[in-house]
Structures are given as C-alpha cells and as structure tokens.
Amino acid sequence: MKILAVCGMGFGSSLMLKMTADRVIKKKDIKADVEATDIGTATSMSADLILTNSEFAKQLQGGNATVVAIKNVASEDEVGKAIEEYLEK
Amino acid sequence: MSIFDERFVQVIEQPLSWEQALQASGDLLKNYGKIEQEYIDTMIANVHELGPYIVIAPRVAMPHARPEHGVHEKGISVVTLKEPTQFSEDPAHTVSLIVCLAAVDSDSHLELLQTVSGWLADEDVLNDLIGAASTDELQHRLAEFYF
C-alpha cells in the first residue's frame with residue numbers, strides 16, 4: 001500500500017508523521033511505502049491512505065484515497081489504528 | 001555539536017495571541033541572526049492562509065516556513081506559555097508549547113524532528129516541559145534530559 005503523509009510545507013510535521021508510520025509498519029510487518037509531501041503537491045499524487053491534520057483532511061477528502069486526520073503526529077497508536085482500519089476495509 | 005542551545009529557550013508568563021507567541025518564538029532565533037523577520041512573518045502568514053496546521057499534537061505547535069524565506073542557519077527555539085494561546089475557537093488548537101523550527105534544507109533537520117517527535121509521543125515529557133516554572137528550569141530540563 002502507498003501512504004502519503006501531508007503537511008503545509010512537506011518537511012515538518014509530514015516528516016514526523018512519516019517517521020511514526022515507518023515505525024508502525026516495521027513493528028506490524030506491513031508492506032507499505034510512506035512518502036511525505038506538502039498540501040499543494042498532495043492533490044496531484046495517488047495514494048491508498050493519506051495521513052494529515054484536520055485542516056488538510058477536509059481539503060483532501062473526496063478523492064480515491066482514504067483520508068485520516070491525525071491529532072498527534074508522533075502517536076503510534078493513532079497512526080497504527082488508521083493503517084489497520086484501512087487494511088480491514 | 002548538539003543543536004540545543006539554551007539561549008533559544010523561554011518561559012513566557014503573560015498571555016499572548018498566537019501571532020505574538022509565534023513572534024516570540026521566532027525572536028529568539030532572530031536575535032542571534034539565525035533568521036530574518038521575513039521568516040517569522042511568513043510563518044504567521046502561512047497559518048492565516050492554511051489554518052492552524054502547525055498544531056502537530058495536543059498542546060504543541062511547531063511553526064516553520066520554507067528555508068528561502070530568510071533562514072541563515074538551522075535552529076530550533078522552545079517556548080512555553082504559562083497562559084495557553086488559542087489558534088482557533090476549537091479547544092483542540094490550545095497550545096502551551098511552541099517549537100519554532102528553522103531549516104536550511106529538507107533533510108538536515110531530521111534528527112531534530114526525531115527529538116521533538118520523542119517528546120510528543122510521551123505525555124510525561126510534555127507535562128515536564130510545559131510544567132517548568134521558569135526559563136532556567138526549562139533550559140535545565142531540556143539540556144539534561146531531552147537533547
């Protein structure tokens with residue numbers, strides 16, 4: 001699966017989200033690519049799951065990807081739950 | 001050399017608007033020539049334009065802008081607010097800890113993000129940082145335990 005971590009600039013919180021997601025998929029042995037990007041670029045990229053904050057989640061919804069708003073970019077629980085819920089769909 | 005520098009740490013007592021709080025967190029870096037005022041203005045304008053997306057965890061904001069908006073040297077400042085500031089009417093946007101990030105490119109600050117990520121993942125660490133009574137105490141806690 002392809003996971004996109006999205007923030008305003010593409011090198012702050014999205015990188016932290018990517019670090020968290022990378023830890024989660026390693027621990028749970030999930031096959032996934034995680035990429036960090038900014039909101040401007042994100043709309044033109046394809047992904048299965050988009051992790052972002054509540055502001056950008058609203059803007060990114062409506063495409064093919066499942067969009068999940070994460071409250072704490074460092075929370076493995078939150079990110080893990082988002083990935084598992086996607087896989088269970 | 002560790003990026004941590006106690007000059008870039010401050011506990012602020014008086015209530016501030018989120019704009020003032022971002023200015024204060026940027027001033028610490030600006031006063032030592034790490035960034036220009038333009039960088040602070042851009043951070044504030046980004047939030048006006050895109051919303052409070054810099055609130056990256058409950059109680060924590062990490063303002064930043066692109067390197068080309070006036071960064072001379074990479075840096076990080078840590079400010080805590082005795083009176084939390086509101087980034088919106090949503091209580092989820094109440095912030096007590098501001099980590100102002102100035103990066104010179106897109107990957108030399110990864111270690112820094114990892115460090116901050118470690119704080120966010122641990123409620124006890126956040127409580128410890130936000131609970132520091134004075135700038136001295138916050139400097140001490142950061143130097144001793146978190147960098």
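Observations on the structure shown:
- FRET E, pair A:ASP29, B:GLU111, Förster distance 35 Å, beta-carbon r, rounded to 0.05: 0.85
- Residues whose placed amide H lies under 5 Å from that of B:VAL9, excluding near-sequence neighbours: B:VAL78
- Two-decimal Rg to Rh for chain A - Kirkwood Rh, Cα set: 0.91
- For the stretch B:8-36, backbone nitrogen atoms closer than 14 Å to the point 7 Å from B:ALA45 Cα along Cα-to-C-beta are found at B:36.
- DSSP finds beta bridges in the protein assembly as shown, and of those with both partners inside it, around 35 percent are antiparallel.
- Relative to the longest principal axis of the Cα atoms of chain A, the long axis of helix A:13-27 lies at roughly 20 degrees.
- Translational diffusion of chain B, µm² s⁻¹ [Kirkwood Rh, Cα pairs; Stokes-Einstein; 20 °C; 1.002 mPa s]: 142 µm²/s
- Integer Hz, Karplus 6.51/-1.76/1.60 couplings in order for the stretch B:133-144, x for Gly and Pro: 7, 9, 4, 3, 5, 5, 4, 4, 5, 5, 5, 6
- Estimated from helices alone, the mean residue ellipticity of the protein assembly as shown at 222 nm is -11500 deg cm²/dmol (sum of -39500 (n - 2.57) over DSSP H runs with n ≥ 4, per residue).
- Convex hull volume of the C-alpha atoms in the protein assembly as shown, normalised per residue: 121 Å³.
- Distant-in-sequence amide H partners of B:HIS72 (H built 1.01 Å from N, under 5 Å): B:ILE35, B:GLU36
- Phi-derived couplings, Karplus 6.51 cos²θ - 1.76 cosθ + 1.60 at θ = phi - 60°, listed residue by residue for the stretch A:40-53: x, 7, 4, 5, 9, 9, 9, 7, 8, 9, 10, 9, 7, 9 Hz, with x used for Gly and Pro.
Computed from the coordinates by the stated procedures, all read-outs in this text should not be read as laboratory data. Everything numeric here is computed off the predicted structure, so don't read it as measured data. Methodologically, a virtual Cβ is constructed for each residue, glycine included, from the backbone with ideal geometry; neighbour enumeration extends over all protein chains shown.
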